[in-house]
Amino acid sequence: MSARMYTSRSWLRIGPSSVRPFRVRPTNLSARLRPVYFSVSPRAAATLTPASVVTSAPELQGEEIEAELGYMGKALIQQAEAQRQGLEEKPGDADRRNFKLHWSVDFWTNFKSDVPGQRSHGSLNQASEFVQGLISGANKAGVFASPTAAAYWAYHLTRTGFLAIQGLSGLFATQQAARAEGNVEAAEKTKIGQMFSSGSPLAPFVEPLTMYYQDFSNIEAGIYKLPWDMTTLRNKQYDPFHVLRTVSTFASEASNTLRRRFRGSPDKVWLQSSMYPDYYLNTFHYQTDGWFSEKSASIYEASTETLFLGRQDAMQRQSLVPLHRFMQARSAGRDIKGDNTKMLEVACGTGRFATFVKDNYPHMDYTALDLSPYYLYEARSNIKDWHRLRQPKLSMGGVDGSGAHFLQAAAEKIPQPDASHDVVLSIYLFHELPPAVRREAAKEMVRVLKPGGMLIITDSIQLGDRLSLDAGIGRFSDFNEPYYKTFIAEDLGKMFMDCGLECDEKLLASSSKVLSFRKPM
């Protein structure tokens, strides 16, 4: 059992073993966007298999393969070669056997973030053609078909543009600091021109725009609401003083982070403690203080959203798709507010995703678990803001009347009773766990899940999920992610099936994947 602080001001429960502050309706999205984004040849159709490609084109090698079969055919050749060498099946391939596939799986598997002119350094004519094609595709997709659609796209395009400028400010700050230190290599790598020397400056925006389409399709279908912070003008993101403070703090943090990255030497966590597992005492992503400071927690959202040019929220919201199906089944079609439903989010971080959950299901009994007290406090602040701005008259119990509870514990040692939660959710946790700890965390999540309940795991894409990215996906480990390379080869479906769950559905969302599981009755 967990130990509770019995004081009138207590909001945080601490675990005893650690003290760490359906398929959705069919869509023709692929057909709509293919003229703008895709460079897949007809012979790289989904009917091809590794064996059939090798049989039909055994003489093709290297660049000839891509020229003849397209990038997808090249990936199939590589997959067939791996099978010939007796290598294990890629997680993306295993998922196809084990899960029902949402339409997004085939779409993103075959997707390539390429734009006309990428190999010609993005001339003005090619950029103009791309923009015209994008506008044409947007019109065909109904982007401007309603005031709601126009508002969504105006907000997200503005936000992406702002984050791009914020990212450039971080690069500029890094370059100036590197020059002052005499670090010529770091100064050279952060030149703006250097960042786009091998491709069109428009290319980084392809993924966010496509992800927004997927996100808005779900909103339009009634799967979840518009982002609450978009429609709440009193939210802090509309406060110019808050924005200026965030930009200033981000520029400083980005400079420090990138300089550590270039020298390949992370700082040590300032706090040494036997009360935390060794793997946790790491400054992941080269970020200042790791998970152990208020500053780290306060700048985390700005840093990650800038990295993904604004699409991280949209990627995380895909976790609401299987949750919507689960809640619909529980309510038998009635109005869903989350009554009599208990959710546990493991490794909740800053609690930003929790606010999207609560906005869609305000009555849900929600428990946020994390090992960092600093991130838990940030989560409390974010959920408190949501409650104040969106449901000020509704008292739902829990901390601050928000219907939320906060629990400090490790994912592999969850201090909750067996079969105590209807839904267990985890976002971006498993790629930061050592392989053995992953299995222990999986067992714990299954243990606290009720029979008939749903487990939702959202994390980075893995090998086989997006064929064009397989060759370079492991490079993310260079950002002080010591367990990432083992994660991208981990069969998550098998891991949870070994714990007694049944695979449900798989979604892809740009750089993320969502897997849902059911616990048998």
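Residues satisfying the criterion are present in segment 114-136 (criterion: touching a Leu at 6+ places or on another chain (Cβ under 8 Å), open to solvent by less than 20 Å² (accessible area, probe 1.4 Å), under 29 Å from Arg317 (Cα atoms) and at pLDDT below 65). A Cβ distance below 9 Å, combined with a sequence gap of six or more or placement on separate chains, defines the contacts here; from segment 277-303, residues that are on the phi > 0 side of the Ramachandran plot reach residues that are open to solvent by less than 30 Å² (accessible area, probe 1.4 Å) and β-branched (Val, Ile, Thr) in the pairs His285/Thr257; His285/Thr304; Tyr286/Thr257; Asp289/Val269; Asp289/Thr283; Gly290/Val269; Gly290/Thr283.
Residue under question is Leu87, and the condition is that it be aliphatic (A, V, I, L, M), open to solvent by 70 Å² or more (accessible area, probe 1.4 Å) and either at pLDDT below 55 or farther than 20 Å from Phe487 by Cβ (or both); does it hold?
Values: aliphatic (A, V, I, L, M): yes; open to solvent by 70 Å² or more (accessible area, probe 1.4 Å): yes; either at pLDDT below 55 or farther than 20 Å from Phe487 by Cβ (or both): yes.
Yes, satisfied.
Listed by position, the strands (runs of 3 or more DSSP E) inside segment 378-462 whose residues that are within 28 Å of Trp108 (Cβ to Cβ), within 19 Å of the chain's Cα centre (by Cα) and at pLDDT 95 or above number at least 2 are 421-427, 449-460.
If the condition is being buried (at least 16 other Cβ atoms within 10 Å of the Cβ) and under 11 Å from Ala302 (Cβ atoms), then segment 248-263 contributes Phe250, Ala251, Glu253, Ala254.
If the condition is being within 24 Å of the chain's Cα centre (by Cα) and either among the basic types (Lys, Arg) or modelled with pLDDT of 90 or more (or both), then segment 253-276 contributes Arg260, Arg261. The one condition from (1) at pLDDT 90 or above; (2) of a type outside the set (Phe, Trp, Tyr); (3) open to solvent by 50 Å² or more (accessible area, probe 1.4 Å) that Leu307 does not meet is (1). Go through segment 397-447 and give me each residue that's open to solvent by 10 Å² or more (accessible area, probe 1.4 Å) and in contact with a Pro (Cβ under 7 Å, 6 or more places away or on another chain). If the condition is that a residue be open to solvent by 10 Å² or more (accessible area, probe 1.4 Å) and in contact with a Pro (Cβ under 7 Å, 6 or more places away or on another chain), then Pro415, Ala419 are the ones that fit.
Residues in segment 368-377 that are surrounded by fewer than 24 Cβ atoms within 10 Å (Cβ to Cβ) and under 15 Å from Ser402 (Cα atoms): Tyr377 alone. Considering the conditions (1) more than 22 Å from Leu455 (Cβ to Cβ); (2) surrounded by 24 or more Cβ atoms within 10 Å (Cβ to Cβ); (3) basic (Lys, Arg), Arg380 is excluded by exactly one of them, (2).
Out of Pro240, Pro227, which single residue is at pLDDT 90 or above and under 19 Å from Gly167 (Cα atoms)? Break it down stepwise before answering.
Values: Pro227 fails: under 19 Å from Gly167 (Cα atoms).
It is Pro240.
Among the residues of segment 228-247, just one is open to solvent by less than 50 Å² (accessible area, probe 1.4 Å), under 30 Å from Thr283 (Cβ atoms) and under 21 Å from the mean Cα position of the chain (by Cα), namely Asp229. When restricted to residues that are open to solvent by less than 30 Å² (accessible area, probe 1.4 Å), on the phi > 0 side of the Ramachandran plot and not hydroxyl-bearing (Ser, Thr, Tyr), segment 466-521 contains 1.
The values are calculated or read from the model by the stated rules, or taken from the named source; none is laboratory data. From a predicted model like this one, the values you see are computed outputs, not experimental measurements. All Cβ positions, glycine included, derive from the backbone under ideal geometry; neighbour counts span all protein chains shown. Heads up: the accessible areas ignore ligands, DNA and RNA and are worked out on the full protein's heavy atoms, side chains in. Shrake-Rupley method; radii C 1.70, N 1.55, O 1.52, S 1.80 Å.
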